[in-house]
Amino acid sequence: VMLHFENVKVFLENTLKPYDLSSVDFKTSHLQSSILLTATNGGILSYATSDSSVPKNSINEINSVNNLKMMSLLIKDKWSEDENDPGEQSSKSCYPVEMDSSKVNIYTYEMEDLHACVGQIPNSDLLLLFLADSTFPYGLLVVKIEKALRELTDLYGYRLG
Amino acid sequence: DIRGTITFDSHNNVIESTGVGSQRFEDIDELSQVALDAEGFALVRGHSLLVHLYKHDDMTLAVYTDA
Amino acid sequence: SNTFTVLTSPDLAKISKEQLKKLHSRITSEIFSQSQVDKPGPLT
């Protein structure tokens, strides 16, 4: 089974949209990036970014993608470490949720000046990673990623290679 | 009358914040421990402000008004 | 350290329970509806 890369990319782009809560006049920025990466080695399979100021095929775009690759690797390593650490799973930054009859842990991390949030797609070799600026509240990031993970039923059980 | 709001989750992480709420994140740990009535409400006073609390479905809303 | 005093008299509230409940409901409805992500088609 192969990924439909075009649809995956559009899905990730759709996750970038900001919140605008008119009930309390609260707005967020767009997510900075939304990334589908492998849980095995942290490699990026697909990504979307809201940084439209970076011209395509420019040195800045290459640097930007390299930064995403680096961050994905670091987050995957941290995720892997935390998945094997029961102590971490009862911390403030771990949200266990029930999905597709399995338990998925959603983790929040502070990464330089960014807020990161990652969760495994149930029973798969894939992780979904959101990166946002530091004004984007962690609690809201968790709600957003949980909803997105629940939409990704096509990828439940997806194994690489 | 509303000076600000904070909504936070069961892990005491912020979901939204407005007005004075955005400067009062340090209140969350204490507010999360306030005993709520059977319907999920409580009222507290501090820092010349009233904080009206309501918790439902793991989300707590704190609304700040003048005392 | 305790910086807040619990008030037991409902007369002291500036916002009614009903108003609080309504606001909470509006916030959570907006959050959940805006968290919805559209899938353009099959992902595999």
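What the table below lists for this structure:
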read-out	value
Kirkwood-Stokes translational diffusion coefficient of chain A, alpha-carbon pairs, 10 °C, 1.306 mPa s, µm²/s	98
Cα-based helix-to-principal-axis angle, C:17-34 vs chain C, degrees rounded to 10	20
Net +/- balance of residues flanking B:Asp1 in space, Cβ distance below 12 Å, scoring K and R +1, D and E -1	+1
Debye log10 I(q)/I(0) at q = 0.14, 0.15, 0.21, 0.23 Å⁻¹ for the range A:25-111, Cα point scatterers	-0.64, -0.72, -1.12, -1.21
Within 10 Å of each Cβ in A:83-95, the average number of Cβ atoms from other chains	1
Cα-Cα over 25 Å, subset of A:Lys17/C:Lys39; A:Lys76/B:Lys55; A:Lys27/A:Lys69	A:Lys76/B:Lys55; A:Lys27/A:Lys69
Total formal charge among the other residues, if their Cβ is under 13 angstrom from that of A:Phe26, Lys/Arg +1 and Asp/Glu -1	-2
Calculated diffusion of the protein assembly as shown, Stokes-Einstein form, Kirkwood radius summed over Cα pairs, 25 °C and 0.890 mPa s, µm²/s	123
In Å, descending, principal axis extents of the Cα set of chain C	58, 29, 10
Positive-end residue, the protein assembly as shown charge dipole about Cα centroid, Cβ charges, pick of A:Tyr107, A:Val8, B:Leu61	A:Val8
Under 10 Å, Cβ to Cβ, from A:Lys17 - net charge with Lys/Arg +1 and Asp/Glu -1	-2
Most fluctuating residue given options A:Val24, A:Val65, A:Val142, as computed from a GNM of chain A linking Cα atoms under 10 Å	A:Val24
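Every number here is computed from the coordinates shown, using simple stated rules; none is lab data. Model, not experiment: these values are computed from the prediction. Ideal geometry is used to build each Cβ from the backbone, glycine not excepted, and the neighbour counts take in all protein chains shown.
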